[in-house]
1. Give me the residue from segment 115-141 that is in contact with a helix residue (DSSP H, G or I) (Cβ under 6 Å, 6 or more places away or on another chain) and part of a helix (DSSP H, G or I) and, out of that set, farthest from residue 159 (Cα to Cα).
2. Looking at segment 87-96, which of the residues that are in contact with a Lys or Arg (Cβ under 7 Å, 6 or more places away or on another chain) and within 25 Å of residue 176 (Cβ to Cβ) is surrounded by the fewest Cβ atoms within 10 Å (Cβ to Cβ)?
3. State the number of residues belonging to segment 82-97 that are touching a strand residue (DSSP E or B) at 6+ places or on another chain (Cβ under 9 Å), among the aliphatic types (A, V, I, L, M) and away from the ligand (no atom under 12 Å from the Cβ).
4. Which of (1) within 16 Å of the ligand (Cβ to nearest atom); (2) not in a loop (DSSP other than H, G, I, E, B) does residue 47 not meet, given it meets every other one?
5. Of all residues in segment 98-108, how many are crowded, with 24+ Cβ neighbours inside 10 Å and either in a helix (DSSP H, G or I) or more than 7 Å from the ligand (Cβ to nearest atom) (or both)?
6. Just for segment 44-86: of the residues that are among the hydrophobic types (A, V, I, L, M, F, W, C) and without any contact (Cβ under 8 Å) to a residue 12 or more places away in the chain, which one is surrounded by the fewest Cβ atoms within 10 Å (Cβ to Cβ)?
Amino acid sequence: MTMHSTALETATAITIRRLWSSEQDLFRSHFDRLDPASRALRFGAPVHDSFLDIYARSAFSNGNMVFGAFVDGELLGVGEIKLLANSLPVRAEAAFSVVPEWQDKGIGDALFARIVAALQNRGVRSVILWCRSSNHRMRHLANKHNAEMNFVDGDEACGEVRLPWPMPSSIIEEVYGEAICYTNSLWQNKWLKPGSA
Ligand SMILES: CC(C)(COP(=O)(O)OP(=O)(O)OC[C@H]1O[C@@H](n2cnc3c(N)ncnc32)[C@H](O)[C@@H]1OP(=O)(O)O)[C@@H](O)C(=O)NCCC(=O)NCCS
């Protein structure tokens, strides 16, 4: 699991785990916690709640995947993967969003690392990211994860991260990260706590 160098992880662990289609409502509620500026940055333009209702239903279909970032069991960020149909070698698109009060604390970086590992482990050869040209934070993250950035129309930037074949480190990032989260989730549900039945 990737840890960030800010104060966040000195006190708190970010746990990243996959969200499943049964958690569609939780995923949808994440977008309600984004302020208008973050929503517009995430979707490239202001979007209505009705759009998000439909969008949330499609996010888990066709092999698409969603990962959630949790702190103390609370969903604070999501990273989404859409596999690009009919692309050979296989390519995907990724998008990220973190609730405003938790931005710039390492959550996006941790989600990015997990998504790269998950795609690498599935033989996906590159991942594409779209953001506004002025979205310096997202562009910094993309560069940090070795994206090649291109600019489109002045206002949009597109980055592509080329992925190597699966490696022990990518498998450990995904499997170990999920195992930690599973343990945390059991703990939060009190099943493992001393004295619980
Ligand atoms: C973009 C976003 C997902 C990033 O997640 P995050 O948790 O805020 O990002 P992190 O804290 O992990 O990392 C931010 C990095 O950008 C750097 N950064 C912050 N502001 C910056 C700026 N103005 N210019 C350049 N770099 C900046 C930070 O120093 C940090 O770098 P580091 O990891 O090398 O220290 C989040 O801010 C967000 O949800 N924004 C609104 C939605 C959005 O823009 N989505 C992207 C389009 S898909």
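The values are calculated or read from the model by the stated rules, or taken from the named source; none is laboratory data. Computed from a predicted model, the values in this text were never measured in an experiment. Reconstructed Cβ throughout: ideal geometry from the backbone, glycine too, with neighbour counts over all protein chains shown.
1. So the residue we want is 121.
2. This residue is 90.
3. Total meeting the criteria: 4.
4. The single condition residue 47 does not satisfy is (2).
5. Within segment 98-108, residues that are crowded, with 24+ Cβ neighbours inside 10 Å and either in a helix (DSSP H, G or I) or more than 7 Å from the ligand (Cβ to nearest atom) (or both) number 1.
6. Residue satisfying both the conditions and the ranking: 54.
Listed here are the residues, each with its yes/no results for (1) modelled with pLDDT of 95 or more; (2) within 16 Å of the ligand (Cβ to nearest atom); (3) closer than 22 Å to residue 84 by Cβ.
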residue: 121; (1), (2), (3): no, no, yes
residue: 133; (1), (2), (3): no, yes, no
residue: 138; (1), (2), (3): yes, yes, yes
residue: 145; (1), (2), (3): yes, yes, yes
residue: 160; (1), (2), (3): yes, yes, yes
residue: 166; (1), (2), (3): no, no, yes
residue: 170; (1), (2), (3): no, no, yes
residue: 179; (1), (2), (3): no, no, no
residue: 185; (1), (2), (3): no, no, no
